[in-house]
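Inspection log for the structure reproduced underneath, given as structure tokens.
The values are calculated or read from the model by the stated rules, or taken from the named source; none is laboratory data. Owing to the predicted nature of the structure, the values given are computational and were not obtained by experimental measurement. We place every Cβ from the backbone using ideal geometry, glycine too, and count neighbours over all the protein chains shown.
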Amino acid sequence: MHTDVTRIAGLPDLTWTSTTGHADYDADAGALTMTSAAQVDWSNSSRGGPQELGATALAFAAPERFTLSARIAVVSERSTFDAGAIALWVDGDHWAKLCFEQSPQGQAMVVSVVTNTWSDDVNSTPVDDDAVWMRVSRLGEAWAFHSSTDGVLWDFVRLFRLHTDAPVQVGFLSQAPVGPPCTARFDDIVLGDEPPSDLRDGR
């Protein structure tokens with residue numbers, strides 16, 4: 001059964017962070033599918049130049065303490081930097097994303113980007129499978145990213161802050177920075193009330 005994408009089981013109501021995107025929610029499968037426009041991204045390159053904020057996320061207001069996790073797969077043919085991501089959004093100068101991204105060498109990878117005016121962009125681990133689990137946690141003013149190959153044992157990616165007191169939205173993003181539209185699938189979506197007590201013990 002395909003339903004309104006702004007209402008996903010277990011989550012608060014979602015809204016688009018900018019323009020309305022293309023998405024579908026299969027309630028029976030618990031799967032959200034998002035298709036980006038062509039050549040859209042979030043990037044405030046540290047090398048300078050204009051912001052690239054053409055992508056749009058489907059998100060909800062982030063609680064003060066929580067975890068949000070999902071299994072992410074890119075189900076379209078992949079171009080360089082194509083990704084599905086868990087994303088945080090405040091404004092064009094303050095945002096972050098944890099991506100299942102295609103590298104220029106053709107390797108799928110866990111990639112994280114944290115933006116406080118300029119983007120701090122980090123490649124983490126290669127991924128050999130068709131999907132990977134991603135998780136964001138909020139610990140008051142701090143945020144943590146984790147990834148997992150099985151949704152059980154979690155690898156620490158990074159701990160950071162967004163340098164703003166404004167409300168933060170958290171949700172899902174599909175991007176296609178250099179190529180045709182990218183379709184990403186998010187399932188096994190879980191919203192929890194508490195972040196991990198130890199960010200580096202694999203739980």
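Observations
- Selection count, the stretch 73-104, where residues are under 18 Å from THR33 (Cα atoms), surrounded by fewer than 18 Cβ atoms within 10 Å (Cβ to Cβ) and touching a Leu at 6+ places or on another chain (Cβ under 9 Å): 0
- Scanning the stretch 129-139 for residues that are assigned to a strand (DSSP E or B) and within 14 Å of PHE100 (Cα to Cα) gives ALA131, VAL132, TRP133, MET134, ARG135, VAL136.
- If the condition is being surrounded by fewer than 16 Cβ atoms within 10 Å (Cβ to Cβ), within 16 Å of HIS94 (Cα to Cα) and β-branched (Val, Ile, Thr), then the stretch 11-48 contributes no residue at all.
- Count - residues of the stretch 117-140 that are more than 15 Å from SER69 (Cβ to Cβ) and in contact with a strand residue (DSSP E or B) (Cβ under 6 Å, 6 or more places away or on another chain): 10
- Note on the stretch 140-184: residues that are in a loop (DSSP other than H, G, I, E, B), closer than 24 Å to ASP130 by Cα and in contact (Cβ under 8 Å) with a residue 40 or more places away in the chain total 9.
- Here the stretch 114-135 is the region considered, the condition is being within 22 Å of VAL75 (Cβ to Cβ) and in contact with a Leu (Cβ under 8 Å, 6 or more places away or on another chain), and the residue that is surrounded by the fewest Cβ atoms within 10 Å (Cβ to Cβ) is ARG135.
- Apart from one condition, SER197 fits all of (1) at pLDDT below 95; (2) under 24 Å from ILE8 (Cβ atoms); the exception is (2).
- Annotation: GLY192 fulfils all but one of (1) touching a strand residue (DSSP E or B) at 6+ places or on another chain (Cβ under 8 Å); (2) buried (at least 16 other Cβ atoms within 10 Å of the Cβ); the unmet one is (2).
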